[in-house]
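Report on the structure given below.
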Amino acid sequence: MKIENLLNTLILSLSVSTVLITLLSYFIYKIRQFPKKGATAAAVRKKEGVFFRRHIPVEVVLEVEEKTAPEQKNFFSKMNTLPFYFFFVLLVVFSSLVFKDFFSTRYAQWSRAQDVKHLHDLREKGLFKMYDLDLELKDEEFAEVIPAMEKKLVDSKLALLKTKKIALVSWSNNQKHNATHASRAQAGWESFFKSFGLTYTVVSDLAVGSFDLFIIPQMKSLSETQRAFIAGLEKSKTPFLMTGPCGALDGTGAPAKEMFCEKILKTSFLRETSKSTSRPSLFPLSTTPGWSVPPGHLTNWFPEDEEFTVVAESGEASIVEAQFNGKPRVHQQGKVVRALFKDRHGWLALEPHSIAAMKGADKFYGDSVLIETLSWLAGVPRVQVAPWKDGKRWTFAVSVDSEDKIEGSFELWERLDNHAVPATFFVVSDQLQNDDRLMKVDSPKFEIGSHSKDHMIHTEKDLSAQFLNMQDSRLTLEELSGQPVVGFHPPEERFDETTVNAIAQNRFSYFSGDQRIYRMAPLFVPGNLLYLPRVFMDDVLIKRNRQLITNDDILLALRKDYLQAADYGGLHYFNVHSQIMGQSFYLDVFDAFMEEISKQPDVWVANLGEINTWWRQRNALEVTLSASGVKVRNTSAAQLVGLVVYMNGKKVALDPIDAGAERVLNDK
């Protein structure tokens with residue numbers, strides 16, 4: 001202890017001792033006022049006088065002549081001077097303060113050493129890292145970044161497709177009776193073939209040579225001879241692709257007695273009478289023709305001719321017509337579809353020229369749909385990497401926003417744990433100042449993510465403020481939980497390009513949000529971030545919906561959502577809040593929903609962190625297709641477990657692939 005501290009302690013001790021000795025003197029004085037049994041009033045006055053003559057001589061005291069009994073000898077009578085009392089109290093106070101200072105200093109040093117050790121352990125595990133903000137790093141447009149795996153797989157299919165001979169059919173009677181649609185489709189296909197270097201021949205009569213594939217675009221008017229020609233292709237199992245309402249007119253331009261497409265495809269072409277607007281196309285998970293399009297991808301790819309609605313009755317529907325909110329358009333006879341495949345024959349409502357105006361991911365997926373469709377029809381081996389772990393049909397994930405009423409988080413955690421349903425808890429770190437018990441939950445099923453420091457809207461702040469808010473939250477959560485915080489959920493799901501920049505510079509691995517990019521699957525965005533869109537309702541919408549009154553009403557609405565995700569083979573991401581779903585009114589329906597999910601077949605139930613890890617590993621693959629087979633190489637730094645590949649429609653489960661290792665597959 002320093003001399004300065006000792007002197008300060010001594011002065012404090014003197015002050016405290018003075019106060020204590022004064023109080024002690026007064027206390028002794030009051031005690032001695034009480035007479036003993038049999039004592040006279042004179043004796044009392046005598047004692048009073050003795051005390052004050054000894055300790056307070058300035059007081060005037062009474063003099064008595066009566067003889068008194070001799071005083072009893074005790075400790076206080078032996079040591080009966082005021083200085084002794086004072087120095088005794090001073091010693092006790094001074095010693096107490098010195099020991100208190102000594103041990104508090106040692107405890108603070110020990111506590112700090114423990115904190116340093118804890119932080120050292122965190123950093124040994126790669127946690128609690130502070131990053132510098134680069135203000136020169138510009139915001140990038142929020143758009144999908146196509147993974148290299150998808151590009152290389154499509155390129156390998158294109159390379160094999162270039163070895164095939166394609167016939168583009170153009171008959172004069174159709175050009176006459178369906179001039180607008182037919183000419184636009186014809187020009188679109190020719191432009192598509194040229195842009196990708198494909199070998200094709202325009203065929204305008206029935207005396208054709210040998211081709212690997214026939215394209216018959218917008219052939220609305222078909223003569224009997226032309227119908228027989230196409231029927232001959234079907235009988236000989238020669239691959240062909242038709243587009244539009246083929247055969248709706250006979251060769252003279254009059255309505256046909258029987259629509260040719262209905263006969264070939266075994267489906268219904270229903271004439272539209274009230275359709276007033278074009279609707280987008282949605283891609284479910286489909287193994288035919290094995291597209292690289294992620295499940296639940298919604299795009300503004302509209303049919304060339306919308307005179308008819310096509311309802312699937314047989315074959316595999318690979319594209320469906322959807323509302324702008326992603327809900328499928330349903331006719332009383334079934335789903336309204338825009339693509340059908342049967343054997344090596346196919347039909348599309350869509351044309352290449354519509355893709356030419358697209359940009360970014362929409363254009364890539366549009367081009368890849370046509371390339372992979374033609375490849376499969378022309379006999380190129382069909383290869384598709386299953387989107388979900390272990391080849392499950394669909395995926396379910398739940399997250400909890402722990403913003404307020406933290407007890408609700410524990411109620412939800414208990415029900416999730418009871419049904420063994422993993423979850424991600426997005427925590428507002430400031431709320432942990434009063435209760436950090438949630439950080440003590442130690443289970444591999446549950447992940448901690450950041451929901452910001454204070455739940456303030458990020459879009460109203462500049463880059464520096466957003467970055468520091470996220471970093472403060474991330475460091476607090478990692479320090480208290482001891483686990484990596486790799487996920488971020490913006491408050492109220494509101495974010496902009498600056499928010500994405502701040503997320504990336506904080507080295508988060510993924511973030512989740514709204515459906516501004518409609519997709520039932522994760523997607524990569526600038527900054528090497530994975531984005532998980534929430535396309536289904538959360539508990540906020542449940543609370544606002546006045547039609548959802550009873551638990552049965554709510555459960556039915558939730559069931560419709562997950563059945564749609566299961567049908568499309570996509571991700572159902574369900575987000576709830578501790579102050580809504582975690583309260584007593586909703587807990588029973590949440591418990592029933594988790595129980596129902598846990599019993600569903602062919603579903604991968606995971607937290608968002610597990611989905612992030614899987615999607616990154618899956619897209620770190622190098623998949624190369626050749627005439628002899630398929631080569632799959634794991635370029636990630638970790639072993640890949642649970643990979644499934646579809647080879648010509650057959651499900652092939654691969655053994656774990658070590659980092660840097662590869663597998664060679666063939667159709668046998």
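The values are calculated or read from the model by the stated rules, or taken from the named source; none is laboratory data. Please read all numbers here as calculations on a predicted model, not as lab measurements. A quick note on method: Cβ atoms are made from the backbone with ideal geometry, for glycine too, and the neighbour counts reach across all protein chains shown. Keep in mind that these areas ignore ligands, DNA and RNA; they rest on the heavy atoms of the full protein, side chains included. Shrake-Rupley method; radii C 1.70, N 1.55, O 1.52, S 1.80 Å.
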To one decimal place, what orientation-averaged projected area in nm² is obtained for the convex hull of the Cα set of segment 202-242?
-> 2.9
Cα-derived Rg over Rh, computed across segment 611-668 with Rh taken as Kirkwood radius | 0.96
Give the distance, in whole Å, between the Cα centre of segment 395-422 and the Cα centre of segment 623-668.
-> 36
Can you give the percent of C-alpha pairs in segment 474-621 whose distance is more than 23 Å?
-> 43
For the cross-link pairs 363/389; 363/461; 152/359; 165/263; 138/461; 342/651, which exceed 22 Å when the distance is taken from alpha carbon to alpha carbon?
-> 363/389; 363/461; 165/263
Taking only C-alpha positions in segment 551-668, Rg and Dmax in angstrom work out to 19.2, 61
HN-Hα couplings for segment 539-554 via Karplus (6.51, -1.76, 1.60; θ = phi - 60°), in whole Hz with x for Gly/Pro, come out as 6, 5, 5, 4, 5, 7, 7, 6, 7, 8, 9, 9, 4, 5, 4, 5
Show me 580-586, 192-198 ranked by packing, highest mean number of other Cβ atoms within 10 Å first.
-> 580-586, 192-198
In segment 331-486, what percent of the accessible surface is made up of carbon and sulfur (1.4 Å probe, ligands and nucleic acids excluded)?
-> 47
